[in-house]
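J.: Mind looking over this structure? Questions follow.
Bear in mind that the values in this text are calculations on the coordinates, not laboratory data. Predicted model, so just to flag it, every value in this text is computed and none were measured. Virtual Cβ from ideal backbone geometry, glycine too; neighbours counted across all protein chains shown.
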Amino acid sequence: MQAYADLERDSGIAAYEVGPGFIVIRFKHGGTYRYDASAPGAKHVRQMQRLARSGRGLNTYINRHVREHFAAKLA
C-alpha cells in the first residue's frame with residue numbers, strides 16, 4: 001500500500017492501493033476496505049482513485065458519497 005499524502009493534514013485515511021477497477025483504503029483509526037464496481041460502483045471508484053493519487057479530498061468524498069457502501073472489509 002502507498003501512504004496517503006493528506007495534503008490538507010486532516011484525513012482519516014492512512015494508505016491506499018489502486019488496481020484495475022478497484023481501490024483499497026486503510027483508515028487511520030482502523031479498518032481496511034475494498035471498493036470496486038460491485039460497491040460503490042465504477043464511477044465512484046474512478047473518482048476515489050483520482051483523489052487518492054492527488055492526496056486531497058478522499059476522506060470527504062467517502063463521507064459524502066460512499067459511506068458504508070464498500071465491496072469488502074479486509075481487516
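J.: Might you let me know whether the stretch 44-52 holds any residue that is in contact with a Leu (Cβ under 7 Å, 6 or more places away or on another chain) and small (Gly, Ala, Ser)? Before you say what the answer is, go through the steps one by one.
T.: Of the stretch 44-52, the ones in contact with a Leu (Cβ under 7 Å, 6 or more places away or on another chain) are 48, 51-52.
The next check asks that each one be small (Gly, Ala, Ser); those that pass are 52.
Scanning the stretch 44-52, I find at least one residue that is in contact with a Leu (Cβ under 7 Å, 6 or more places away or on another chain) and small (Gly, Ala, Ser), so the answer is yes.
J.: Quick one: which of Asp6, Asp36 is surrounded by 12 or more Cβ atoms within 10 Å (Cβ to Cβ) and on the phi > 0 side of the Ramachandran plot? Walk me through how you get there before you give the answer.
T.: Numbers: Asp36 fails: on the phi > 0 side of the Ramachandran plot.
Sole residue among the options that is surrounded by 12 or more Cβ atoms within 10 Å (Cβ to Cβ) and on the phi > 0 side of the Ramachandran plot: Asp6.
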